[in-house]
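Undergrad: First the structure, which I've put down as structure tokens, then a few questions once you've had a look.
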Amino acid sequence: MNQPLAHADALMWITPRPDLLFTQGAGSWLTDHQGKRYLDFVQGWAVNCLGHGHPAIVEALTRQAGQLLNPSPAFYNAPSLQLAANLSRHAGLERVFFANTGAEANEGAIKLARKWGRKYRNGAHEIITFENGFHGRSLATMSASGKPGWDKLFAPQVPGFPKARLNDLDSVAALINERTVAIMLEPIQGEGGVLPAEREFLQLLRQITEDRGLLLILDEVQTGMGRTGTLFAHEQAGIRPDIMTLGKGIGGGVPLSALLAREAVCCFEAGDQGGTYNGNPLMTAVGVAVLDTLTAPGFLEQVQARGEYLARGLQALARDTGQVGERGQGLLRALILADDRGPALVEAARSRSPEGLLLNAPRPHLLRFMPALNVSEAEIDLMLAWLKELLESKA
């Protein structure tokens, strides 16, 4: 083993990792300890929305680190107030709670919905979620997720999450009863294979929740912050949720997430919700810089254009190499393969020489693409060319 990895055994094992150590990143590129460069179309699983080492993020971190790191969430700090106000204005949701991870934000959404149900719906607590959904790795968010096999892990599960089928309104309606308090879903099931909720389905869910006095919770941890070409994916359906969660891209690479809700839903009492690092000025200062960049004139239009460019490229690639096709929105897309060699392609792409390519296969039969939102057409072309070589070589 190379000397830079000599202490790898000190880390708790949670997943196999290749024998390389990334030491530097710039834009869409990473460099490892041996100087090899990699074109990164994973970006920390859609976390680095502005790529690696973006100047606005570096400047915000450097400036804030010299002023104040964490006065404790028992006190106000200026960056968290600014970011909360900016998010509230853009989302049309009056209240914001900051956390550190998407799972933590989703856990907060579940708690808020259950507290609201206890206060205003005679103790209703069940939250309808969806098969193949993914909401995090805490006990409650794993129980809310519909990832195959997760119902057996860390049993017993947290009860109260009946599962419907995406884009099947009848399956949702069949689960609604006096115990139901909310419906919770991702606008696009990322881990499930980049499966979009249809526009009409989202609109019907909004209608049925309003008609039945239920809450609509949208998990925009992966789809939010410009990933689909609009600041929030649900904007494309013309709806507004009661509760929304954000993560990944909101911090551009630093640990930051948010739980947003309508004023009428906010019913936490002192002690119900908190967190030692939540809303600290170092992370929220980065969040301000990220949101300012995403909402600058023309930025989201560029994301839409790059998303369409990537989609056309993937469609041509699928046609030329005999794959099934592509799907997705904006710069969250998937290539549907004709076989189950997704993991092998990921390995071959990373191992190619002289430069590697970082891809992701959430399912054996597809590849998921989550590049930086400021990825260039030239970088998209390079990725497509390298992937075509791999597909034609039967990697």
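Undergrad: Rounded to the nearest 500 deg cm²/dmol, what is the calculated helix-only ellipticity per residue at 222 nm for the chain, with -39500 (n - 2.57) per DSSP H run of length n ≥ 4?
TA: Working: 11 runs with 136 residues, N = 395.
After summing the helix terms and dividing by residue count, I get -11000 deg cm²/dmol.
Undergrad: For segment 185-251, what does the alpha-carbon gyration tensor say about shape, rounded, prolate or oblate, given a ≥ b ≥ c as the root eigenvalues, a/c under 1.5 as rounded, and a/b over b/c as prolate?
TA: On the way: a/c = 1.87, a/b = 1.59, b/c = 1.18.
Because a/c hits 1.5 or more and a/b exceeds b/c, segment 185-251 counts as prolate.
Undergrad: Along each of the three principal axes of the Cα atoms of the chain, give the extent in whole Å, ordering the values from largest to smallest.
TA: The Cα atoms of the chain stretch 62, 53, 46 Å along the principal axes, largest first.
Undergrad: Go through segment 227-239 residue by residue and turn each phi into a ³J(HN,Hα) via Karplus (6.51, -1.76, 1.60, θ = phi - 60°); whole Hz please, and just put x for glycine and proline.
TA: For segment 227-239, the Karplus-derived couplings read 4, 9, x, 10, 4, 10, 5, 5, 4, 6, 9, x, 10 Hz, x marking Gly and Pro.
Undergrad: In addition: For the chain, find the longest principal axis of its Cα atoms and tell me its angle to the long axis of helix 342-351, 0 to 90°, nearest 10.
TA: 50 degrees
Undergrad: Say a paramagnetic label sat at a point 7 Å from the Cα of residue 59, along Cα to Cβ; which residues of segment 294-308 have their backbone N under 17 Å from it?
TA: 294-297, 299
Undergrad: Based on the alpha-carbon gyration tensor of segment 256-318 and its eigenvalue square roots a ≥ b ≥ c, which shape applies: rounded if a/c is under 1.5, prolate if not and a/b is larger than b/c, or oblate?
TA: Details: a/c = 2.84, a/b = 2.24, b/c = 1.27.
Verdict is prolate for segment 256-318.
Undergrad: Quick one: which residues, 5 or more positions from residue 158 or on another chain, have an amide H under 5 Å from its amide H? H modelled 1.01 Å from N in the peptide plane, none for Pro or chain starts.
TA: For residue 158, the qualifying residues are 143.
Undergrad: Further, regarding this structure: Determine ³J(HN,Hα), in whole Hz, for all residues of segment 166-183 in sequence, where each value follows from phi through the Karplus function 6.51 cos²θ - 1.76 cosθ + 1.60 and θ = phi - 60°; x replaces Gly and Pro.
TA: Along segment 166-183, the couplings run 4, 6, 10, 5, 4, 5, 6, 4, 5, 9, 6, 8, 5, 8, 6, 10, 7, 10 Hz.
Undergrad: Hey, another quick one. For the chain, take the longest principal axis of its alpha carbons; what is the angle in degrees between that and the long axis of helix 78-91, to the nearest 10 within 0 to 90?
TA: Approximately 80 degrees, to the nearest ten.
Undergrad: In whole Hz and in residue order, list the ³J(HN,Hα) couplings for segment 242-256 that follow from phi through the Karplus curve 6.51 cos²θ - 1.76 cosθ + 1.60, θ = phi - 60°; x for Gly and Pro.
TA: 7, 9, 9, 10, 10, x, 6, x, 4, x, x, x, 9, x, 8
Undergrad: Right, next: Run the dipole for the chain about the Cα centre, Lys and Arg Cβ at +1, Asp and Glu Cβ at -1, nothing else charged, and hand back the magnitude in debye, nearest 20. Before the final figure, lay out each step's value.
TA: Details: 37 positive and 41 negative charges, 97 e Å.
So the magnitude is around 460 debye.
Undergrad: In degrees between 0 and 90, to the nearest 10, how far off the longest principal axis of the chain does helix 299-321 point, with axes built from Cα atoms?
TA: Long axis of 299-321 versus the principal axis of the chain: about 60 degrees.
Undergrad: Here is a follow-up. Each label point is 7 Å from the Cα along the Cα-to-Cβ direction; what then is the distance between the points at residue 262 and residue 338, in nm?
TA: Inter-label distance under the simple model: 5.0 nm.
Undergrad: Hey, another quick one. What's the extension gain from residue 33 to residue 389 if we count 0.36 nm per residue and subtract their Cα-Cα distance? Kindly include the intermediate steps, with their values, before the conclusion.
TA: On the way: separation 356, 0.36 × 356 = 128.16 nm, distance 2.59 nm.
That works out to 125.6 nm of additional length.
Undergrad: Which of the aspartates and glutamates could be linked to residue 111 by a straight reach, that is with a Cα gap under 16 Å, when you skip same-chain ones fewer than 8 residues away?
TA: 126, 219, 242, 263, 269, 272
Undergrad: Name all residues of segment 213-235 having a backbone nitrogen under 16 Å from the label point set 7 Å from the Cα of residue 304 along its Cα→Cβ direction, giving them as ranges.
TA: 225-235
No lab work stands behind these numbers, since they all come straight from the coordinates. Just so you know, these numbers come straight off a predicted model, no measurement behind them. All Cβ positions, even for glycine, are placed from backbone atoms using ideal geometry, and neighbour counts span all protein chains on display.
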